[in-house]
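Readers should treat all values here as calculations from the given coordinates under stated rules, not as data from a laboratory. Being a predicted model, the structure only gives us computed values, none of them experimental. Quick reminder, even Gly has a Cβ in these numbers, built from the backbone with ideal geometry, and neighbours come from all protein chains shown.
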Amino acid sequence: MNLIDLVNNNQQVHFEYYRDNELWYKTDSGFLFPVPLIAKEIGSATFLRDDKAILFMRYIRKYLKEMEEKS
């Protein structure tokens, strides 16, 4: 899966569920990824139920890298 394909063309992310201090979002193309709730990283950010995928690029990139390293 390619990062650019996941965030291009006004794709959106949609909140799916919360588990173990992570918010899990899914892109319009079906890619599921976590957003860790680490206070020093998120500060006073607001996480919406639906949002622009480009705003979540750092979390998508990080999870893609983790998946690549596992395989």
To the nearest 20 Debye, how big is the dipole of the chain about its Cα centre, given +1 on the beta carbon of each Lys and Arg and -1 on that of each Asp and Glu? 140
Which of Asp20, Asp51 has the fewest other C-beta atoms within 10 Å, and how do the rest follow up to the most? Asp20, Asp51
Sequence neighbours fewer than 8 away in the same chain don't count; with that in mind, list the lysines whose C-alpha is under 25 Å from Lys40. Lys26, Lys52, Lys62, Lys65
Collect residues whose amide H, placed 1.01 Å from N in the peptide plane, falls under 5 Å from the amide H of Asp28; neighbours closer than 5 in sequence don't count. Gln12
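Please compute the Kirkwood hydrodynamic radius over the chain, one decimal place, Å, based on all pairs of different Cα atoms. Intermediate results must be reported in sequence, preceding the final value.
On the way: mean 1/r = 0.0805 Å⁻¹.
Evaluated on the chain, it is 12.4 Å.
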Just flag the trypsin sites (Lys or Arg not before Pro) in the chain sitting in loop per DSSP whose Cβ has no more than 10 other Cβ atoms within 10 Å. Arg49
